[in-house]
Amino acid sequence: MRNAGSCRFRQVVAEERYLITRDRGFLERRDAERWVVLLETQALDDQARLLRERLGINWLRAPFSRCLVCNCRLHTVLGRQGDLRYCCRCQKLYWEGSHVRRMRCRLKQWQLCPLS
């Protein structure tokens, strides 16, 4: 398991990305404070606030604009029930149901909650 973590960390550094984790073992690596964001809580709202603080995430910037399967940008298409979003790569179709309305409300709370 340690080798998988080493490979993952090397990939993070090589691609100049962040590793968001609850695994404290990653903090033992050289330059960990630059690449690792440790989530010290299990509370989702607190995790969202930490990510906004540390990484400057704007939770309201283009939500639901990428495919959940392949992360490609979705295209808007007109359907009989209203606008739909379509992924050209994996051919998955998305629509705004009640879950999207609830999630938009949650994203707004995360964006507007006071920073600690």
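The values are calculated or read from the model by the stated rules, or taken from the named source; none is laboratory data. Predicted, not measured: the structure shown is a model, and the values here were computed from it. In this analysis, Cβ positions are derived from the backbone assuming ideal geometry, glycine residues included, and neighbour counts consider all displayed protein chains. What goes into the accessible areas is simple: the full protein's heavy atoms, side chains included, and nothing from ligands, DNA or RNA. Shrake-Rupley method; radii C 1.70, N 1.55, O 1.52, S 1.80 Å.
Values computed for the structure shown
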{"read-out": "Odd one out for ARG61 among (1) open to solvent by 60 Å² or more (accessible area, probe 1.4 Å); (2) in contact with a strand residue (DSSP E or B) (Cβ under 8 Å, 6 or more places away or on another chain); (3) free of Cβ contacts under 8 Å to residues at least 24 places away in the same chain", "value": "(2)"}
{"read-out": "Hey, VAL77 over 21 Å from the mean Cα position of the chain (by Cα) and not charged (D, E, K, R) or not", "value": "yes"}
{"read-out": "Residue ID - nearest to ARG54 (Cα to Cα), chosen from residues in the range 69-116 that are touching a residue at least 24 places away in the same chain (Cβ under 8 Å), open to solvent by 60 Å² or more (accessible area, probe 1.4 Å) and among the hydrophobic types (A, V, I, L, M, F, W, C)", "value": "LEU115"}
{"read-out": "Filter pass, LEU44 being out of contact with any strand residue (DSSP E or B) (no Cβ under 9 Å at 6 or more places or on another chain) and among the hydrophobic types (A, V, I, L, M, F, W, C)", "value": "yes"}
{"read-out": "Some residue of the range 22-33 being open to solvent by 50 Å² or more (accessible area, probe 1.4 Å), within 25 Å of GLU96 (Cβ to Cβ) and among the aliphatic types (A, V, I, L, M)", "value": "no"}
{"read-out": "Among the candidates GLN81, GLN91, residue that is touching a strand residue (DSSP E or B) at 6+ places or on another chain (Cβ under 8 Å) and over 26 Å from LEU19 (Cβ atoms)", "value": "GLN81"}
{"read-out": "Residues being among the β-branched types (Val, Ile, Thr) and touching a Leu at 6+ places or on another chain (Cβ under 6 Å) - total across the range 75-93", "value": "1"}
{"read-out": "Among residues of the range 45-59, those that are within 12 Å of the chain's Cα centre (by Cα) and within 14 Å of LEU107 (Cβ to Cβ), counted", "value": "7"}
{"read-out": "Residue list for the range 33-44, restricted to those being farther than 18 Å from CYS105 by Cβ and of a type in the set (A, V, I, L, M, F, W, C)", "value": "TRP35, VAL36, VAL37, LEU38, LEU39"}
{"read-out": "Residue ranges of strands (runs of 3 or more DSSP E) in the range 11-116 with at least 3 members of a type outside the set (Val, Ile, Thr)", "value": "75-79, 82-86, 93-95"}
